[in-house]
Amino acid sequence: MPEPYDVITMGRIGVDLYPLQAGLPLARVDAFGKFLGGSPTNVAVAAARLGRRTAVVTRTGRDAFGEYLHQQLREFGVDDRWVTAVGEYPTPVTFCEIFPPDDFPLYFYRQPKAPDLEIHESELDLDAVRSARVFWMTGTGLCAEPSCSATLAALRARNRCGITVFDLDWRPMFWEEPQHAAADGPPHPAASARYREALAHATVAVGNLDECEIATGEREPYAAARALLAAGVELAVVKQGPAGVLAVHRDGSVADVPPLPVEVVNGLGAGDAFGGALCHGLLAGWETARIMRYANAAGAIVASRLACSSAMPFPHEVEAALAAGTVSAAGPGSSPPQAPTESGTAS
């Protein structure tokens with residue numbers, strides 16, 4: 001039997017087109033960089049940068065952008081054997097506006113449907129999914145069929161073996177409008193129901209306050225963490241942006257870790273670096289507070305850089321950031337330094 005993967009992620013992929021000119025609205029930008037994108041795909045890249053054997057389960061269009069994504073995955077050391085083409089839909093493209101410097105609106109072009117939502121249960125290698133030391137899935141994977149059924153099938157195949165991470169990953173623009181939402185109920189009842197079903201099969205849940213509210217109805221960090229534990233996970237990780245990250249384990253241990261100060265160039269991708277480092281620390285068996293500090297540092301490094309996938313740090317860079325206690329913007333494509341912002345746990 002082949003050696004199990006350290007990390008298999010499943011879900012979104014696409015091409016990120018980021019301005020090479022910071023501080024300008026998109027209407028005035030005339031130079032862009034092209035990068036591999038998609039949150040779970042970036043998590044696989046981040047874990048690979050930290051020395052882990054990774055693969056991603058996703059789909060692209062049968063087009064030049066799809067070929068580009070395969071090339072990038074191979075260059076980053078991520079196995080692309082389960083990245084297949086869909087003839088009906090184009091590879092998604094995402095634009096980011098780095099204006100103003102501390103706000104990063106995203107513009108997703110995933111119409112009429114993204115290929116990564118066309119993952120079918122019958123096409124999954126459930127033996128590989130079952131044997132992976134970490135399996136990482138996202139809330140976006142639950143937003144449409146056949147992806148939702150395939151994602152839940154992968155979770156059931158895991159049967160809570162190994163480490164199964166549910167990245168709550170709430171992107172409301174990918175979901176249909178709420179139907180019959182009660183005044184005192186969840187803001188999106190269909191999503192909340194699917195999140196609850198997935199949480200029953202996960203061992204780790206990670207998300208920001210908005211995502212925790214969709215999953216549990218709770219926004220207060222400790223209440224959200226307790227609700228995630230009650231839903232079935234063993235470790236609840238609540239990302240709070242400038243307030244740091246809260247991690248609560250079923251064994252009663254709590255880690256409330258502040259972020260590293262960072263000069264932000266582009267906050268997008270920081271959460272994916274955090275995720276890859278989270279996987280790395282869990283696989284290493286570190287205690288929870290150490291994992292959170294390491295993941296915060298990885299996220300802060302990416303926030304100080306323009307790109308996402310190619311910005312993922314190597315182990316020596318994370319250790320250097322931890323030793324320095326701060327992260328400065330530097331390197332090609334970085335904007336002039338901004339006032340330090342507490343970061344490192346962006347989604």
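The values are calculated or read from the model by the stated rules, or taken from the named source; none is laboratory data. All figures in this text were calculated on a predicted structure; none of them were measured in a lab. Methodologically, a virtual Cβ is constructed for each residue, glycine included, from the backbone with ideal geometry; neighbour enumeration extends over all protein chains shown. Heads up: the accessible areas ignore ligands, DNA and RNA and are worked out on the full protein's heavy atoms, side chains in. Shrake-Rupley method; radii C 1.70, N 1.55, O 1.52, S 1.80 Å.
Residues in the range 263-283 that are surrounded by fewer than 24 Cβ atoms within 10 Å (Cβ to Cβ), touching a residue at least 24 places away in the same chain (Cβ under 8 Å) and in a helix (DSSP H, G or I): Leu282, Leu283. The residue that is surrounded by the fewest Cβ atoms within 10 Å (Cβ to Cβ), among those in the range 1-23 that are touching a residue at least 60 places away in the same chain (Cβ under 8 Å) and acidic (Asp, Glu), is Asp6.
To keep it simple, each residue is scored yes or no on (1) of a type in the set (Ser, Thr, Tyr); (2) open to solvent by 30 Å² or more (accessible area, probe 1.4 Å).
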{"site": "Thr41", "(1), (2)": "yes, no"}
{"site": "Ala44", "(1), (2)": "no, no"}
{"site": "Glu75", "(1), (2)": "no, yes"}
{"site": "Tyr89", "(1), (2)": "yes, yes"}
{"site": "Val93", "(1), (2)": "no, no"}
{"site": "His120", "(1), (2)": "no, yes"}
{"site": "Leu126", "(1), (2)": "no, yes"}
{"site": "Val134", "(1), (2)": "no, no"}
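Look at (1) assigned to a loop (DSSP other than H, G, I, E, B); (2) touching a residue at least 40 places away in the same chain (Cβ under 8 Å) and you find that Cys161 fails only one, number (2). Within the range 245-262, track down each residue that is at pLDDT below 95 and open to solvent by less than 30 Å² (accessible area, probe 1.4 Å). Those that are at pLDDT below 95 and open to solvent by less than 30 Å² (accessible area, probe 1.4 Å): Pro259, Leu260, Val262. Every test in (1) in a helix (DSSP H, G or I); (2) without any contact (Cβ under 8 Å) to a residue 24 or more places away in the chain; (3) touching a helix residue (DSSP H, G or I) at 6+ places or on another chain (Cβ under 9 Å) is passed by Trp286 save one, and that test is (1).
Among the criteria (1) in a helix (DSSP H, G or I); (2) open to solvent by less than 20 Å² (accessible area, probe 1.4 Å); (3) in contact with an Asp or Glu (Cβ under 6 Å, 6 or more places away or on another chain), the one Pro242 does not fulfil is (2). Does any residue of the range 96-106 turn out to be farther than 16 Å from Ala22 by Cα and surrounded by fewer than 18 Cβ atoms within 10 Å (Cβ to Cβ)? No, the conditions are met nowhere in the range 96-106. Among residues of the range 94-118 that are more than 19 Å from Gly33 (Cα to Cα), those with a beta-carbon under 9 Å from a residue that is modelled with pLDDT under 85 and not in a loop (DSSP other than H, G, I, E, B) at least six positions away or on a different chain give the pairs Asp102/Thr341. Say whether the condition of being in contact with an Asp or Glu (Cβ under 8 Å, 6 or more places away or on another chain) and small (Gly, Ala, Ser) is met by at least one residue in the range 208-221. No - not one qualifying residue is present in the range 208-221.
Against the test of being open to solvent by 50 Å² or more (accessible area, probe 1.4 Å), assigned to a loop (DSSP other than H, G, I, E, B) and without any contact (Cβ under 8 Å) to a residue 40 or more places away in the chain, the options Glu213, Glu218 yield a single qualifying residue, Glu218. Residue check: Ala215 meets all listed conditions (1) closer than 24 Å to Ala154 by Cβ; (2) in contact with a helix residue (DSSP H, G or I) (Cβ under 6 Å, 6 or more places away or on another chain); (3) at pLDDT below 95 but one, namely (3).
Restricting attention to the range 203-237, the residues that are hydrophobic (A, V, I, L, M, F, W, C), under 18 Å from Thr164 (Cα atoms) and under 17 Å from the mean Cα position of the chain (by Cα) add up to 8.
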